[in-house]
């Protein structure tokens, strides 16, 4: 009997060690390209392919990630949208620009996240189960070379959507893009760009890093038909059959990654059916994470190719 107990404990311990090794060394490097179809364009519009990138948290030594991102240019998307947290090191800007090199030849736009301003710090992972995330990021005295990143992206033609609203023609489809600074740091000021959706646009797209309800509500109230964000890492550690345990913001865990619907007040009743005219929301699980907590489980790092279509039900594969 005693030997059986020890055998069970040994098997359990071995499984735990194996799971920890997988979550640390395998899944964080197992990049996935997701395909999602979102019926958010008016009838008669051509389909548009939008590549959504987020949360690279890039360290220059991450050659595998840099190569994988660089090869995404072969998709030839109609538009690239990046929802921030490009960097994870003081010297990462050249590596990030090199990784994006081919994609910078495509039309694109971006916003910034907290880790585009401040480098990552060591944190107790249990803090994500408390309200501490509502106080914003834990800042360090160090400041990342944010302007170098912004200059490198804009010099190649990408649009900085930080508190900006602009019209962009994408293959004959007029899109209105509106963005904010990072809500996780409390830098968001959507009121400075708030306006009804442009009647000249086929679709208004709201772009933000951290999907806090106040930002999503404001964008949806103004008539944005598609909202995209990152920041959550999809929960990073997901429970099979259940999903994310945390989002590191006030978004409900059922929307931690993937396509869902959003409307003003949706956060108070996350399981309610979407009303007519509700916006589509895509939250990316991102491609990286804090290098001090590099774990992922049942939540592969990802980029997503969103196919925007007129009027059909969304599909995924």
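Residue 241 meets all of the listed conditions (1) within 20 Å of the chain's Cα centre (by Cα); (2) free of Cβ contacts under 8 Å to residues at least 12 places away in the same chain but one, namely (1).
Condition check for residue 316 on (1) surrounded by 13 or more Cβ atoms within 10 Å (Cβ to Cβ); (2) under 24 Å from residue 32 (Cβ atoms); (3) at pLDDT below 95: one failure, at (1).
Residue-by-condition table, conditions (1) within 20 Å of residue 179 (Cα to Cα); (2) in contact (Cβ under 8 Å) with a residue 60 or more places away in the chain; (3) within 17 Å of the chain's Cα centre (by Cα):
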{"site": "215", "(1), (2), (3)": "yes, no, yes"}
{"site": "223", "(1), (2), (3)": "yes, no, no"}
{"site": "237", "(1), (2), (3)": "no, yes, yes"}
{"site": "247", "(1), (2), (3)": "no, no, yes"}
{"site": "278", "(1), (2), (3)": "yes, no, no"}
{"site": "283", "(1), (2), (3)": "yes, yes, yes"}
{"site": "287", "(1), (2), (3)": "no, yes, yes"}
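Checking each residue in the range 162-180 for being assigned to a loop (DSSP other than H, G, I, E, B), touching a residue at least 60 places away in the same chain (Cβ under 8 Å) and in contact with a strand residue (DSSP E or B) (Cβ under 7 Å, 6 or more places away or on another chain) picks out only 171. Among residues that are at pLDDT 95 or above and in contact with a helix residue (DSSP H, G or I) (Cβ under 6 Å, 6 or more places away or on another chain), residue 285 is included.
Taking the range 194-248 as the range and being touching a helix residue (DSSP H, G or I) at 6+ places or on another chain (Cβ under 8 Å), assigned to a helix (DSSP H, G or I) and within 21 Å of residue 86 (Cα to Cα) as the test, the residues that pass are 215, 235.
Across the range 66-88, which residue is nearest to the chain's Cα centre (by Cα) among those that are closer than 30 Å to residue 188 by Cβ and part of a loop (DSSP other than H, G, I, E, B)? Of everything passing the filter in the range 66-88, 83 is nearest to the chain's Cα centre (by Cα).
Give the range 249-262 a look and list any residue that's in contact (Cβ under 8 Å) with a residue 24 or more places away in the chain, in a strand (DSSP E or B) and on the phi < 0 side of the Ramachandran plot, or say none. Once the filter is applied, which keeps residues that are in contact (Cβ under 8 Å) with a residue 24 or more places away in the chain, in a strand (DSSP E or B) and on the phi < 0 side of the Ramachandran plot, the range 249-262 yields 259, 262. Note on the range 37-67: residues that are surrounded by fewer than 22 Cβ atoms within 10 Å (Cβ to Cβ), within 28 Å of residue 95 (Cβ to Cβ) and in contact (Cβ under 8 Å) with a residue 40 or more places away in the chain total 3.
Specify the residue that is nearest to the chain's Cα centre (by Cα); the eligible residues are those in the range 89-111 that are assigned to a loop (DSSP other than H, G, I, E, B) and closer than 15 Å to residue 148 by Cβ. Taking the candidates together, the pick is 100. Name the pairs whose Cβ atoms lie under 7 Å apart, with the first residue in the range 181-204 and surrounded by fewer than 17 Cβ atoms within 10 Å (Cβ to Cβ), the second at pLDDT below 95, and 6 or more positions between them or separate chains? Taking only residues 6 or more apart or on different chains, the pairs are 186/136. Keeping to the range 144-161, report how many residues are assigned to a loop (DSSP other than H, G, I, E, B) and surrounded by fewer than 12 Cβ atoms within 10 Å (Cβ to Cβ). The total comes to 0.
The values are calculated or read from the model by the stated rules, or taken from the named source; none is laboratory data. Every value quoted in this text rests on a predicted model; they were computed, and no experiment measured them. Please note: Cβ atoms are built from the backbone with ideal geometry, for glycine as well, and neighbour counts cover all protein chains shown.
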